[in-house]
Amino acid sequence: FHSSMEPLKCGKSDGSETYDGSNEKPLCGSDNNISPDLLQQLVSEALVWSSLHGLVVGDKSVQRSGTVPGVGLVHAPFSLLPLIFPQSNWRQACELAPIFNELVDRVSLDSKFLHDSLSRTKKVDAFTGRLLDIHSKMLEINKKEDIRLGLHRSDYMLDAQTNKLLQIELNTISSSFPGLGCLVTELHRSLLNHYGKELQLDSSRVPQNTAVRGFAEALAKAWNEYSNSSAVVMVVVQTEERNITHGVRTIRRTLAEIDVEGKLLPDGTFCVGHHTVAVVYFRAGYSPNDYPSESEWRARLLMEQSSAIKCPSISYHLVGTKKIQQELAKPNVLERFLENKDDVEKLRKCFAGLWSLDDARVLQEAMERPELFVLKPQREGGGNNIYGDNVRETLIKLQKEGSDGLAAYILMQRIFPTDSSAFLVRDGICHQDPAISELGIYGAYLRNKEKVIVNDQCGYLMRTKVSSSNEGGVAAGFAVLDSIYLT
Ligand code: ADP
Ligand code: MG
Ligand code: MG
């Protein structure tokens, strides 16, 4: 495998520093410099490790990679060394996970809150509107979800000025990279085991990553609650799916295939072909692109009507919208859902400034100082937010068109994390760049009626990107996978 690889290069992307050994910045917590030789060796070992341990994704440049698993694989983009992260903020983020899990569940049961909060968004955002329509239909038929499964990821950045851990967003659908995130942790631990002395780094400071095990266990336990040993877990995938899932007994189907093969039995049982489906795990369905025709929406509605456990249910999905995040940050709203004052306090502490665009004062401020804000539509998957001068231009345009268009967006305080030098490896090439990072903490939640079966923090994902890039998103091509080094 090794010999067939391209020669290793330490390249230079625009504005980055070339690696010539003269960089004085501390690397990953220690003040040591890495010699070009050692760097080359680390990159080479990391690439071999990735190939051998499955830290790989389908290569977009190989057409069949999206439809035939195992064809055209390339290493996932990764950071060569883990990122320094304060232990106290790590603990704080972990502690928040079960509280957010509980919050999602409580909010999901409050249909009025969901509909009131999203009513104006619905008018101008067709995608959110369709999700809300499915939700309304479930209310009409009085559909109850006794068994509720949530596999979430709450994302944070460390604000440089205040040193505060601030939440970027909470994902309740298709929370990505539990698998690859764990592998990057293993990659880093392995590199530090071999080169810890030279790097003056200790592998035990990279926390174990339990994301895959936690998600797989929660899925298995949900399957168990369904109590039908011949039923399967169905993973809903995109037409071209470059992530590879493993571990649980599963079938994979696209929404279009589900529309053709799916059947709802009179007792609510959901069947796909000859399979009875216990759990539907959505790895697709979060973006309008996943619904190119009515067929995909029919499939989504059909599954929602069934007794299969949906991860997420339509209400969990809606709770994860940016609009709900903004509504929950308003004064006295958290208190509606959580009794424990400490919990409320902990959540509020990690909320950044969030505003709806009907606030004239904030609107004015955002037009005057757009660099301090991020304008966000109700979208997932990265690459959708608006930054800098585009914030001003968009706001002016929307205002001209009339006030309704503004309801499709929320405004968020822009967070500026400290940047540090990182080695980003993509396509076998290593670039050294000033970079910033975003920590995601996975949470798994499962309950059956009043019984909470799982409510855990499970693992993490660090994503690192060049500081000059606004957006994150590994799949979207902005960021690389990373892990953390606790100090
Ligand atoms: P998505 O659901 O598409 O992932 P996010 O809210 O996570 O949307 O935004 C995408 C990316 O944009 C984040 O990963 C982060 O890099 C950047 N971003 C989002 N909100 C902020 C913010 N308030 N300050 C700075 N960067 C942000
Ligand atoms: Mg998201
Ligand atoms: Mg995100």
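Side notes on the structure shown:
- Answer from Gln325, Gln378 - the residue that is in contact with a Lys or Arg (Cβ under 7 Å, 6 or more places away or on another chain), at pLDDT 95 or above and within 15 Å of ligand 3 (Cβ to nearest atom): Gln378
- The criterion of being closer than 16 Å to Ala218 by Cβ, touching a Pro at 6+ places or on another chain (Cβ under 7 Å) and either open to solvent by 10 Å² or more (accessible area, probe 1.4 Å) or within 16 Å of ligand 1 (Cβ to nearest atom) (or both) holds for Ile173.
- The set of residues in region 359-399 that are among the acidic types (Asp, Glu) and touching a helix residue (DSSP H, G or I) at 6+ places or on another chain (Cβ under 7 Å) contains only Asp389.
- Count - residues of region 175-199 that are part of a loop (DSSP other than H, G, I, E, B) and at pLDDT 95 or above: 0
- Region 144-170: number of residues that are hydroxyl-bearing (Ser, Thr, Tyr), away from ligand 1 (no atom under 12 Å from the Cβ) and surrounded by 23 or more Cβ atoms within 10 Å (Cβ to Cβ): 0
- Only one of the numbered conditions (1) within 26 Å of Ser229 (Cβ to Cβ); (2) free of Cβ contacts under 8 Å to residues at least 60 places away in the same chain; (3) aliphatic (A, V, I, L, M); (4) crowded, with 22+ Cβ neighbours inside 10 Å is not met by Leu265, and that is (4).
- The listed residue being of a type in the set (Phe, Trp, Tyr), open to solvent by less than 20 Å² (accessible area, probe 1.4 Å) and farther than 27 Å from Gln208 by Cα, out of Phe100, Phe85, Phe78, Phe113: Phe113
- Test: Met138 is open to solvent by 10 Å² or more (accessible area, probe 1.4 Å), more than 24 Å from Met303 (Cα to Cα) and hydrophobic (A, V, I, L, M, F, W, C): no
- Pair list, Cβ < 9 Å and 6+ apart or interchain, from region 280-299 residues that are at positive phi to residues that are open to solvent by 10 Å² or more (accessible area, probe 1.4 Å) and more than 16 Å from ligand 2 (Cβ to nearest atom): Gly285/Tyr291; Gly285/Glu296
The rows are residues; the columns are (1) more than 20 Å from Asp155 (Cα to Cα); (2) of a type outside the set (Asp, Glu); (3) in contact with a strand residue (DSSP E or B) (Cβ under 7 Å, 6 or more places away or on another chain); (4) outside any strand (DSSP E or B).
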position: Ile396; (1), (2), (3), (4): yes, yes, no, yes
position: Val425; (1), (2), (3), (4): yes, yes, yes, no
position: Cys430; (1), (2), (3), (4): yes, yes, yes, no
position: Cys458; (1), (2), (3), (4): no, yes, yes, no
position: Thr464; (1), (2), (3), (4): no, yes, yes, no
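- Number of positions in region 466-487 that are assigned to a loop (DSSP other than H, G, I, E, B), more than 16 Å from ligand 2 (Cβ to nearest atom) and touching a residue at least 40 places away in the same chain (Cβ under 8 Å): 4
- Qualifying residue in region 128-135 (condition: within 19 Å of the chain's Cα centre (by Cα), within 16 Å of ligand 2 (Cβ to nearest atom) and on the phi < 0 side of the Ramachandran plot): yes
One line per residue, one yes/no per condition, for (1) of a type in the set (Ser, Thr, Tyr); (2) more than 30 Å from Ser293 (Cα to Cα):
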{"site": "Leu109", "(1), (2)": "no, no"}
{"site": "Ser136", "(1), (2)": "yes, no"}
{"site": "Asn142", "(1), (2)": "no, no"}
{"site": "Asn163", "(1), (2)": "no, yes"}
{"site": "Ile168", "(1), (2)": "no, yes"}
{"site": "Asn171", "(1), (2)": "no, no"}
{"site": "Val184", "(1), (2)": "no, yes"}
{"site": "Leu191", "(1), (2)": "no, yes"}
{"site": "Val206", "(1), (2)": "no, yes"}
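- Count of residues meeting criterion [more than 16 Å from ligand 3 (Cβ to nearest atom), closer than 25 Å to Lys164 by Cα and among the polar types (S, T, N, Q)] in region 412-454: 3
- Criterion (farther than 18 Å from Gln325 by Cα and within 16 Å of ligand 2 (Cβ to nearest atom)) met by exactly one of Gly196, Gly181: Gly181
- Residue, nearest to Leu118 (Cα to Cα), within region 347-373, restricted to residues that are of a type in the set (Gly, Ala, Ser) and surrounded by 12 or more Cβ atoms within 10 Å (Cβ to Cβ): Ser356
- Restricting Glu339, Glu304 to residues that are of a type in the set (Asp, Glu) and in contact with a helix residue (DSSP H, G or I) (Cβ under 9 Å, 6 or more places away or on another chain) narrows the list to Glu304.
- Filter result for Arg426 (more than 16 Å from ligand 2 (Cβ to nearest atom), under 23 Å from the mean Cα position of the chain (by Cα), farther than 22 Å from Gly181 by Cα and in contact (Cβ under 8 Å) with a residue 24 or more places away in the chain): no
- Residue that is nearest to ligand 1 (Cβ to nearest atom), among those in region 385-404 that are under 24 Å from Leu170 (Cα atoms) and touching a residue at least 60 places away in the same chain (Cβ under 8 Å): Asn385
The values are calculated or read from the model by the stated rules, or taken from the named source; none is laboratory data. Predicted, not measured: the structure shown is a model, and the values here were computed from it. Positions of Cβ are generated from backbone atoms using ideal geometry, with glycine treated the same way; all protein chains shown enter the neighbour counts. Remember, those area values only see protein heavy atoms, side chains included, never the ligands or the DNA or RNA. Shrake-Rupley method; radii C 1.70, N 1.55, O 1.52, S 1.80 Å.
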